[in-house]
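The structure appears right after this line, and notes come after that.
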Amino acid sequence: MAEPVYQRILLKLSGEALLGEADYGIDPLVLRRLAAEIHALVDRGVEVALVIGGGNIFRGAGLAEAGMDRVGADHMGMLATVMNGLAMQDALERENVFTRVMSAIKINQVCEDYIRRRAVRHLEKGRVVIFAAGTGNPFFTTDSAASLRAVEIGADLMLKATKVDGVYSADPMTDPSALRYDQLTYDQVLDDRLSVMDATAIVMCRDQNMPIVVFDINEPGVLARIVEGERVGTRVER
Ligand code: UDP
């Protein structure tokens with residue numbers, strides 16, 4: 001096995017990644033598989049931080065469309081990410097991986113508050129840190145939270161998990177002529193409105209020079225291959 005070339009990574013999982021075959025909630029088998037893959041990275045000395053979305057439970061924009069006040073709806077979305085974070089913590093701890101959930105909104109009978117220095121200390125001690133509740137602010141997404149936290153903790157790479165093996169010129173699920181990119185710049189993503197992450201998240205990565213790899217989380221062993229430096233999926237950088 002090749003030595004990892006990245007010391008500290010931030011993995012962004014959408015809530016959807018936890019759904020499995022269902023259309024709501026969390027599939028324990030999916031969680032177990034993800035936990036095992038993350039465990040393998042930790043065993044190889046990689047420091048792993050996670051940001052998990054909440055779209056498998058609630059999305060603020062969807063609730064607002066149905067008539068709810070947007071700010072309250074976003075609070076529900078953020079709380080959904082806390083639930084996903086706790087589920088992932090449980091799955092990791094079953095794998096004997098020490099894990100801390102840190103929330104951007106105070107909910108400290110359930111998990112720790114997010115304090116950057118403490119988060120970095122956990123990582124240095126080999127604990128997986130799950131950043132929950134997004135940025136703590138409505139009108140943002142967990143993609144933006146992921147780029148913010150990746151920059152704050154000094155991650156070497158941000159891994160954006162998706163259901164397809166990289167970034168395409170169009171949706172490959174519906175357009176068979178869609179082309180896959182191996183490499184993109186942040187400005188190409190922004191100018192061509194490619195669906196990598198929302199623009200706020202991309203701009204943060206661009207301005208702080210945080211490289212992103214977009215990849216298919218359903219490929220077994222993919223996380224190990226990425227940290228070994230293999231070219232997987234689409235890389236976004238300067
Ligand atoms: N959210 C928010 N502020 C944040 C991050 C998330 O208000 O900083 C809310 C928002 O309502 C969002 C929901 O939490 O729809 C779940 O996050 P997201 O949609 O990013 O999850 P994903 O699509 O990754 O599952």
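Applying both filters, DSSP loop and at most 16 other Cβ atoms within 10 Å, to the chymotrypsin sites (Phe, Trp or Tyr not before Pro) of the range 103-180 gives F139. Hey, quick one: spin label on F139, modelled 7 Å out along Cα-Cβ, who in the range 198-226 has an amide N within reach, i.e. under 14 Å? Once the point is set 7 Å along Cα→Cβ of F139, 200 turn out to lie under 14 Å by backbone N, inside the range 198-226. Highest mobility in the GNM of the chain, judged by mean-square fluctuation with C-alpha springs under 10 Å and restricted to L159, L86, L184, is found for L184.
Of the trypsin sites (Lys or Arg not before Pro) in the range 89-150, the ones in a loop by DSSP (not H, G, I, E or B) with at most 13 other beta carbons within 10 Å are K106, K125.
Within the chain, DSSP assigns beta bridges of which about 15% are antiparallel (rounded to the nearest 5). Computed over the chain, the P(r) tail beyond 26 angstrom holds 33 percent of alpha carbon pairs.
Mean residue ellipticity, 222 nm, helices only, the chain: the sum of -39500 (n - 2.57) across DSSP H runs of n ≥ 4, divided by residue count and rounded to 500, is -11500 deg cm²/dmol.
Here's the picture: charge each Lys and Arg Cβ at +1 and each Asp and Glu Cβ at -1 in the chain, and of L194, A36, I107 the one pushed furthest to the positive end of that dipole is I107. When the alpha carbon coordinates of the range 28-143 are projected onto the principal axes, the ranges are 47, 33, 24 Å, largest first. Sequence-distant contacts, meaning Cα pairs under 8 Å at least 6 residues apart, place the relative contact order of the chain at 22 percent.
Springs between Cα atoms under 10 Å define the GNM used for the chain, and in it the highest mean-square fluctuation of A145, A40, A80 occurs at A40.
Of the GluC sites (Glu not before Pro) in the range 13-62, the ones in a loop by DSSP (not H, G, I, E or B) with at most 13 other beta carbons within 10 Å are E21. Among P211, P176, P28, the residue with the largest mean-square fluctuation in a Gaussian network model of the chain, with springs joining Cα atoms closer than 10 Å, is P176. Using the Cβ of G72 as centre and a radius below 15 Å, the other residues enclosed give a net charge of -1, where K and R count +1 and D and E count -1.
Put a dot 7 Å past the Cα of R94, heading toward its Cβ, do the same for N218, and the two dots end up 2.1 nm apart.
Read-outs: derived from the displayed coordinates by stated rules, not from any lab. It should be emphasised that the depicted structure is a prediction, and the values quoted were computed from it without experimental measurement. FYI the Cβ positions are ideal-geometry reconstructions off the backbone, even for glycines, and counts take in every protein chain you see.
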